[in-house]
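Okay, structure first, notes after.
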Amino acid sequence: MDELNSAIYGLEFQARALAAQQAESNEIRFFIATQSLKPNNQIHLIEFNEETSALSAKIFAHHMGEVWKLNSSPHDSRTLLSCFSTFKGTQLTTQTAILNIPESLDEQQNVSDFLQFDNIEILPTEEYGAEVRTTEFHPTDSRVLATVVDGKIILSNRTESQTRVAAEISAKNTPKFSTGKWSQHYQGNNFIALQDCNVRSFDIRDSNHCAWMIEDAHGQMVRDLDCNPNKQCHIVTGGDDGCIKVWDCRSTKQPVFCRSDHSHWVWSVRFNTFHDQLILSSSSDCKVLLTCAGSVSSETVEEDAEQKKRIPDGLLQTFDQHEDSVYCVEWSSVDPWIFASLSYDGRVIVSKVPKQYKYQILF
């Protein structure tokens, strides 16, 4: 696969949920889930062979409902979370399922037959609300999950069957949390949530303790965020204003980096897991953008000769092979130069960072 060519995989149904298979150290794999109103949704586990540039897939049945969000466990490569919607009577509710894939996927799969999960467990969140936005694995404690549901952030300890509210929006006529993510830093005690145009970080050791916040982070709704894995004070956000912004949580009045290269809503933003000057973003403008934010990254820059080699800040590459809104983009958990993107029409594209930027960063 040349750096400007990509491997393409098509789904039968529309889709907006994509996750790299975490805790996998050898194979480049991604989970994709469909969003069909019919009771025949699927989760595809696709694998990219770098030598042949081929994509192969194992397909699992997901009969519970249409999938809005997927998260893969950083502790166990066989475990993932599915946030799905279904009708209970006349009410549409969104819940979370904990799914375990079989240990061996070597068996032959007929075209008409789907693989089955080893175990499906529905997380009991009904008493807290009917609209689950996301459930996130704790970065270091495999027992703990955080769920954003109906204006609340609830913490679940699976081994002790305990659940508590860590934060809650109680004021009337106030926007609810739309999503959230754990910070990998601060001993796993900070959960960052998005609320309309604002970003709030909560210290989970003390209920409703807001450690810091960014008011009006974007001119319109903030859609997504990611934490810099190498620099604990930095996060990146993307919003309906078409901008991506890097923030330093120690001083939140202004972003330390900002680009407005998208022409529509930004749905997904991701720091590269190793080389955090590389940021991916995807948008309703049908594009995936690779941006360099080297001036605010953790990469140290030597004086003079070394500084001349640094990739300048700004847009590096536009990937425009999608024909619909690109809801998700994710870096591979195995190879830091490979990523996947998913558009609403069910097209999954596995792409590479162009070689010239890879070599500039490495050498």
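The values are calculated or read from the model by the stated rules, or taken from the named source; none is laboratory data. Source: prediction; values computed, not measured. Please note: Cβ atoms are built from the backbone with ideal geometry, for glycine as well, and neighbour counts cover all protein chains shown.
Here are a few things to note about the model shown:
- The set of residues in region 227-245 that are closer than 16 Å to E299 by Cα, in contact with a His (Cβ under 6 Å, 6 or more places away or on another chain) and modelled with pLDDT of 95 or more contains only N228.
- Residues that are charged (D, E, K, R) and modelled with pLDDT of 95 or more do occur in region 76-85, at least one of them.
- Test for L81: is it aliphatic (A, V, I, L, M) and more than 19 Å from L145 (Cβ to Cβ): no
- For region 320-335, a residue qualifies if it is crowded, with 22+ Cβ neighbours inside 10 Å and over 13 Å from the mean Cα position of the chain (by Cα), and exactly one does: H322.
- Pair list, Cβ < 6 Å and 6+ apart or interchain, from region 291-318 residues that are more than 17 Å from S260 (Cα to Cα) to residues that are modelled with pLDDT under 60 and in a helix (DSSP H, G or I): V301/Q307
- Inside region 29-52, residues that are under 13 Å from Y9 (Cα atoms), surrounded by fewer than 22 Cβ atoms within 10 Å (Cβ to Cβ) and out of contact with any Ser or Thr (no Cβ under 9 Å at 6 or more places or on another chain) make up a count of 1.
- Tally of residues being at pLDDT below 90 and either outside any strand (DSSP E or B) or on the phi > 0 side of the Ramachandran plot (or both) across region 86-113: 13
- Residue check, A15 touching a residue at least 60 places away in the same chain (Cβ under 8 Å), at positive phi and small (G, A, S): no
- Region 167-205, subset in contact with a Pro (Cβ under 9 Å, 6 or more places away or on another chain) and within 12 Å of M221 (Cβ to Cβ), residue surrounded by the most Cβ atoms within 10 Å (Cβ to Cβ): Q195
- Any hit, region 143-159, residues being part of a loop (DSSP other than H, G, I, E, B), touching a residue at least 12 places away in the same chain (Cβ under 8 Å) and touching a helix residue (DSSP H, G or I) at 6+ places or on another chain (Cβ under 8 Å): yes
- Whenever a residue of region 341-354 is among the charged types (D, E, K, R), its partners that are surrounded by fewer than 19 Cβ atoms within 10 Å (Cβ to Cβ) and assigned to a strand (DSSP E or B), lying with C-beta atoms within less than 6 angstrom and at least six residues away or across chains, give the pairs R347/G10.
- Applying the criterion of being polar (S, T, N, Q) and touching a His at 6+ places or on another chain (Cβ under 9 Å) to the residues of region 269-294, the residue that is surrounded by the fewest Cβ atoms within 10 Å (Cβ to Cβ) is S284.
- When residues of region 144-158 are limited to those that are farther than 14 Å from L81 by Cβ and of a type in the set (D, E, K, R), the one surrounded by the fewest Cβ atoms within 10 Å (Cβ to Cβ): D150
- Tally of residues being surrounded by 15 or more Cβ atoms within 10 Å (Cβ to Cβ) and either in contact (Cβ under 8 Å) with a residue 60 or more places away in the chain or over 23 Å from V149 (Cβ atoms) (or both) across region 53-67: 6
- Residue match in region 123-133 (condition: of a type in the set (G, A, S), under 30 Å from E168 (Cα atoms) and crowded, with 18+ Cβ neighbours inside 10 Å): yes
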